[in-house]
Amino acid sequence: MDYLHEQFNLEGKVAWVTGASYGIGFAIASAYARAGARIAFNDINQELVDKGLASYKEAGINAVGYVCDVTDEASVVETAKKIETDLGPIDILVNNAGIIRRVPMHEMAAADWRKVIDIDLTAPFIVSKAVLPSMMERKTGKIINICSMMSELGRETVSAYAAAKGGLKMLTRNIASEYGKYNIQCNGIGPGYIATPQTAPLRERQADGSRHPFDSFIVAKTPAERWGTTEDLQGPALFLASKASDFVNGHVLYVDGGILAYIGKQP
Ligand code: NAP
Ligand code: GCO
């Protein structure tokens, strides 16, 4: 087996990527499949799972889909057991499922705040808790939490999301601290601004055909002078799921084209 294959192959591994019918989760799961992993993914209803299955099939990937709301602990525990029965013990968990609500904080309903925290922070706790016992018993495991620029920075209208993603950075560090002795590594990926349905409202063309102001703003804030693509995340995600990162633990790998390093282009 050549050195690169040895370091980065996922043959024989089972990966569960949450909320991966499309978007970032789909891209990460697709990369893992191409590296040899067996893929499990979930979404909140059968229609979305079927949509995801069709997309995976089109990409030549035999993924297995499950209907599971990541905030429903009973459903998560049942899904983890189904995955273990269907595919084998879970070696890699990617807590990808997430939502955002863009509302000025003083106008945000507490129910909307709670929904964002529930999905973006409490769910990674719930799903990680469901997979940890098996990883502990086997003394091996990779947990990867999809964090955000908002794990480090704030901005108007994303208070709940930033609080959740900031918390997810610390949950990542705490899982790393508590379970490192079981040879379990927990790391985060902090995507920059990626072109997916979640950010589509920020890239919509204006009525006069001009670029959305936020679109222009982000390009000016990014040294790479472009939005990221889901494919930009595949290599970093593969690194954190593979043998190559066995001594990387508690780290958030920012895949942002340099946003966090850059003061921004002079207007
Ligand atoms: P997306 O296109 O909105 O996809 C999110 C996925 O999560 C969807 O499949 C969604 O399913 C699923 N989901 C939402 N709530 C769920 C629940 N309760 N149970 C199960 N699945 C659920 O988002 P994305 O852009 O791919 O982002 C994926 C992750 O990356 C999120 O955690 C996001 O916060 C993070 N992120 C995104 C960016 C970016 O610029 N796009 C940057 C940094 C971090 P539904 O269709 O049913 O909602
Ligand atoms: C926003 C965006 C961001 C991205 C991402 C950046 O409204 O600012 O949605 O939050 O989704 O999290 O890393």
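The values are calculated or read from the model by the stated rules, or taken from the named source; none is laboratory data. No experiment lies behind these values; they were computed from the predicted model shown. Neighbour counts are summed over all protein chains in view; Cβ atoms, including those assigned to glycine, are modelled from backbone coordinates with ideal geometry. Heads up: the accessible areas ignore ligands, DNA and RNA and are worked out on the full protein's heavy atoms, side chains in. Shrake-Rupley method; radii C 1.70, N 1.55, O 1.52, S 1.80 Å.
Some notes on this structure:
- Euclidean distance between Cα centres, the range 11-51 to the range 59-96, Å: 9 Å
- The value for the range 162-267 of Rg(Cα) / (2.2 N^0.38 Å) is 1.29.
- The alpha carbons of the chain give a radius of gyration and a Dmax of 18.2, 59 Å, in that order.
- The calculated FRET efficiency for the pair Arg34 and Asp86, based on their C-beta separation and a Förster distance of 22 Å, comes to about 0.60.
- Bridgeable aspartates and glutamates around Lys243 (alpha carbons under 17 Å apart, same-chain partners fewer than 8 residues away excluded): Asp2, Glu6, Glu11, Asp91.
- Net length gained if the chain between Arg203 and Arg138 were fully extended (0.36 nm per residue, minus Cα distance): 18.9 nm
- With all protein chains modelled, accessible area of Phe125 [1.4 Å, Å²]: 100 Å²
- Per-q log10 I(q)/I(0), the range 103-166, q = 0.15, 0.26 Å⁻¹ (Debye; single scatterer per alpha-carbon; no solvent): -0.55, -1.06
- Label-point separation in nm, Val255 to Asp112, each point 7 Å along Cα→Cβ: 3.0 nm
- Remark: the chain carries 48 Å² of accessible area per residue (probe radius 1.4 Å; ligands, DNA and RNA excluded).
- More than 20 Å apart - percent of Cα-Cα pairs taken over the range 23-127: 43 percent
- Here the chain has 55 percent of its accessible surface on carbon and sulfur atoms, given a 1.4 Å probe and all protein chains in place.
- Remark: spin-label model distance Arg101-Val248 equals 3.4 nm, labels positioned 7 Å along the Cα→Cβ axis.
- Pairwise label distance in nanometres, Lys265 with Leu153, each label 7 Å out on the Cα-Cβ vector: 1.4 nm
- Going by accessible surface with a 1.4 Å probe and the largest first, Met105, Met136, Met170, Met149 read Met105, Met170, Met136, Met149.
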